[in-house]
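Okay, structure first, notes after.
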Amino acid sequence: MRRALLIFGFVAGLAGPAARTSRAQSQASAQQPPQAPGTGGQTIDGVAARIEDDVLTESEVQELGAFQRLVEGQSKSRSELIRELADQWIVAGEARSAKYPRPAQTDVDRAYAAFVQQFKSPEEFQARRAAAGLTESAVRRLLEQQIYLAHFLDFRFRPAAQVSDAQVEAYYRQEFSPKLKARGQEIPPLSEVEDTIREVLVQQAISERATKWLDDTRERLRIDIEAHGGGS
C-alpha cells in the first residue's frame with residue numbers, strides 16, 4: 001500500500017499546488033463488458049475479485065499493471081494489483097460519499113503535460129506508453145483518477161497531520177543536512193527550507209494515517225479474489 005500511496009502522491013504533485021483546494025464501480029458499470037487496456041474495444045470477460053456487492057475486473061488489473069510499468073518500469077503481482085484496486089475502491093467510495101469534486105480538466109491537462117516531461121523526450125514517452133499497451137486517452141483517464149484519489153486523501157488527512165517546529169528542526173539536522181553534506185552540496189539555512197521540510201513531513205503523516213485507515217477498513221470488507229480468468 002505504501003507504494004500505491006507514493007504513486008498517488010507522484011501524480012497528484014504533477015497537477016501543481018493550485019489543484020489542492022475512484023472509483024467504486026456502480027452496479028450498471030459492473031454489468032458492462034470490460035475492455036483490455038488500450039485496445040479500443042477488445043472485450044475480456046473475467047472477474048478478478050468480488051468486493052462487497054461489486055466486482056473488480058481482469059481488465060482493470062491489467063490496466064493498473066500497465067500504468068505501473070509506465071510510471072515505474074515494472075508492475076506488481078496480480079494479487080498486489082487487486083489489493084491496490086480494492087484500496088482505490090475504498091478511497092473512491094469515501095470521496096463520492098463526501099461529494100468531493102473531480103479534478104478540473106485544466107489540472108488534468110497540466111498533470112499530463114508534466115507527466116510526459118518526466119521522460120527523456122516525448123518520443124520516449126510514446127514508445128513506453130505503446131509498449132505498456134496504453135492509449136493516450138487511457139493515460140489521461142488514469143492520471144485523472146489517481147489525482148482524484150490523492151487529493152481526497154490529502155483533503156481527509158491533512159488537518160490531522162500537524163508538524164511541530166521541533167520536528168522540522170530535527171529533520172533538518174538529522175536527515176536534510178547530512179544528505180546534502182554527503183553529496184558535497186551547500187547546506188542552506190533552515191529558514192530557507194523550513195516550508196519545504198514541513199510539507200515533506202506533512203505528506204509523510206498523511207501517508208501513515210491513510211495507510212492505517214485503509215488497513216482497518218479493508219479488514220472489515222468482504223473481498224474474494226477469483227482465480228485468474230474467473231467468470232462473472
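Quick notes on this structure:
- Note on the range 117-232: enclosed helices (runs of 4 or more DSSP H) holding 2 or more residues that are touching a Gly at 6+ places or on another chain (Cβ under 9 Å) and not acidic (Asp, Glu) are 122-132, 136-157, 190-220.
- Residue that is farthest from Glu60 (Cα to Cα) [pool: residues in the range 78-94 that are more than 14 Å from the chain's Cα centre (by Cα) and small (Gly, Ala, Ser)]: Gly93
- Of all residues making up the range 101-149, the number that are buried (at least 18 other Cβ atoms within 10 Å of the Cβ) and farther than 15 Å from Gln68 by Cβ: 10
- Looking across the range 156-170, the residues that are surrounded by 15 or more Cβ atoms within 10 Å (Cβ to Cβ) and in contact with a Lys or Arg (Cβ under 8 Å, 6 or more places away or on another chain) come down to Phe157, Ala161, Val163, Val168.
- Filter result (out of contact with any helix residue (DSSP H, G or I) (no Cβ under 6 Å at 6 or more places or on another chain) and surrounded by 10 or more Cβ atoms within 10 Å (Cβ to Cβ)) within the range 202-224: Val202, Gln203, Gln204, Ala205, Glu208, Thr211, Lys212, Trp213, Asp215, Arg218, Leu221, Asp224
- Filter pass, Ser121 being hydroxyl-bearing (Ser, Thr, Tyr) and closer than 25 Å to Ile206 by Cβ: no
- The C-beta contact set for the range 73-93 (first residue closer than 15 Å to Ala150 by Cβ, second residue part of a helix (DSSP H, G or I) and of a type in the set (Val, Ile, Thr), distance under 6 angstrom, 6+ apart or interchain) comprises Ile90/Thr217.
- Of the residues Ala111, Ala127, the single one that is at pLDDT 95 or above and among the hydrophobic types (A, V, I, L, M, F, W, C) is Ala127.
- Checked against (1) touching a Gly at 6+ places or on another chain (Cβ under 9 Å); (2) among the β-branched types (Val, Ile, Thr); (3) modelled with pLDDT of 95 or more, Val47 meets all criteria but (3).
The values are calculated or read from the model by the stated rules, or taken from the named source; none is laboratory data. Because the structure is predicted, anything quoted here is derived from the model rather than measured. Methodologically, a virtual Cβ is constructed for each residue, glycine included, from the backbone with ideal geometry; neighbour enumeration extends over all protein chains shown.
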